[in-house]
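Single-structure report; data block below.
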Amino acid sequence: MDKVYSSEMSHLLIDKKTEIFDRWVVSVNARIEASDKTNRSKLIDHLPQFLARLAETLDPNHSTDDPCVDGSCQIHGHLRANEEKYSVREMLKEYRVLREVIFKVAEENAKQVPQPIRDFIADSIEKAMEIAAEAFSGQRVQGIEDEKERANKIIGRQDRFVASLSHDLRNPIGAAVMGLEILEEELTESGHEETIDIIKRNLRQADAMLNNLLDLARVKSGHQLIVNPGPCSLKEILDNAVNDFIPRFGDRFLYFKQVDAQGNWDASVLRRIVDNILQNALKYGYENRLITIATGIKDEKAFISIHNFGKPIPKQLQDNIFNPFNRGLTDEPTIAGWGLGLAFVKVATEAHHGTVAVSSSQEDGTTFTITLPL
């Protein structure tokens with residue numbers, strides 16, 4: 001990009017820095033779900049350094065030629081990649097919001113921004129986005145490799161093969177997801193929303209299967225599933241799961257009983273438990289019958305109950321249905337599956353010191369019940 005100068009714009013970026021980031025924080029918190037709404041300095045991160053370099057680049061009295069030269073954008077990408085809830089798309093949106101705020105503040109301060117200056121600022125932010133995205137992707141891949149190395153030290157030869165395969169497959173899946181997120185805005189504008197949803201859904205499903213496989217390999221090696229308990233609501237977890245399933249499968253869900261229970265559990269792991277049981281109900285349940293969901297508290301314990309009508313699980317198979325690679329309806333070859341989902345459900349429930357049970361009959365249908373200590 002061609003170098004341009006504007007002392008007026010440079011001074012505005014310096015003088016209005018606090019206002020710019022005050023408004024940026026408000027906008028990011030409103031528009032980006034993953035943003036840290038409790039820690040302003042962590043949210044802003046290294047963006048002030050980038051803004052300072054941008055101001056210097058516009059100042060004819062400074063020799064700075066590139067606002068990205070100090071590495072602040074790369075550090076920003078690394079740090080965002082370390083936050084599991086952040087996606088590369090959400091990080092890139094932070095830069096787009098910064099661009100919007102800069103131009104709004106300039107306009108409100110009666111500063112007419114000449115087109116060459118506007119283009120230079122936009123191009124500088126675009127370059128910052130590219131550097132941050134590359135750093136984000138590299139850090140995520142490195143994180144997977146570090147996790148793989150740790151797993152290799154504790155898992156036996158056979159299980160190490162499973163874990164290594166899972167990690168190796170996650171690398172291209174993770175890269176594909178991040179690439180799709182970067183292109184999503186452009187593809188959406190060109191009318192490919194349905195195609196994007198199909199690709200994202202299948203990539204996430206593959207990643208979920210690999211996560212289940214890896215977690216089960218760890219447990220088989222004698223190590224407990226790691227959970228990070230914190231305050232959470234069963235109602236909120238179920239509502240979010242059902243709302244994500246409705247666009248794909250239609251409104252096949254009915255809350256039979258919904259009494260919220262709150263406890264100290266790992267919300268992300270409980271969400272995976274619910275997702276696996278709902279997927280099982282959708283896979284084996286009759287399409288013309290509703291899946292009923294109940295939550296509540298009984299005998300001083302919280303419970304989740306998910307019921308579907310469908311072909312019953314034979315009594316002799318119910319005891320083994322939570323074993324890895326074991327499928328309750330073994331005479332249904334047309335229904336795809338590896339028997340990993342329910343195995344993960346059992347492992348994850350027991351990591352919370354809870355229990356999982358199944359009952360199934362032709363008359364009453366199939367019910368999975370998760371019980372958790374409060």
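What follows draws every value from the coordinates through simple rules; no lab data is involved. All figures in this text were calculated on a predicted structure; none of them were measured in a lab. Cβ coordinates were reconstructed from backbone atoms using ideal geometry, including for glycine residues, and neighbour counts include every protein chain displayed.
Listed values, structure above:
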read-out	value
Exceeding the 19 Å Cα-Cα cut-off - candidates K85/K283; K257/K346; K42/K93; K235/K257; K104/K127	K85/K283; K257/K346; K104/K127
Kirkwood estimate for the range 35-127, i.e. one over the average of 1/r between Cα atoms, Å	14.3 Å
As computed over the range 232-316, the Cα convex hull volume per residue (Å³)	107 Å³
DSSP-loop trypsin sites (Lys or Arg not before Pro) across the range 254-323, with at most 16 other Cβ within 10 angstrom	R289
Qualifying GluC sites (Glu not before Pro) in the range 223-303, DSSP loop, other Cβ atoms within 10 Å at most 16	E287, E300
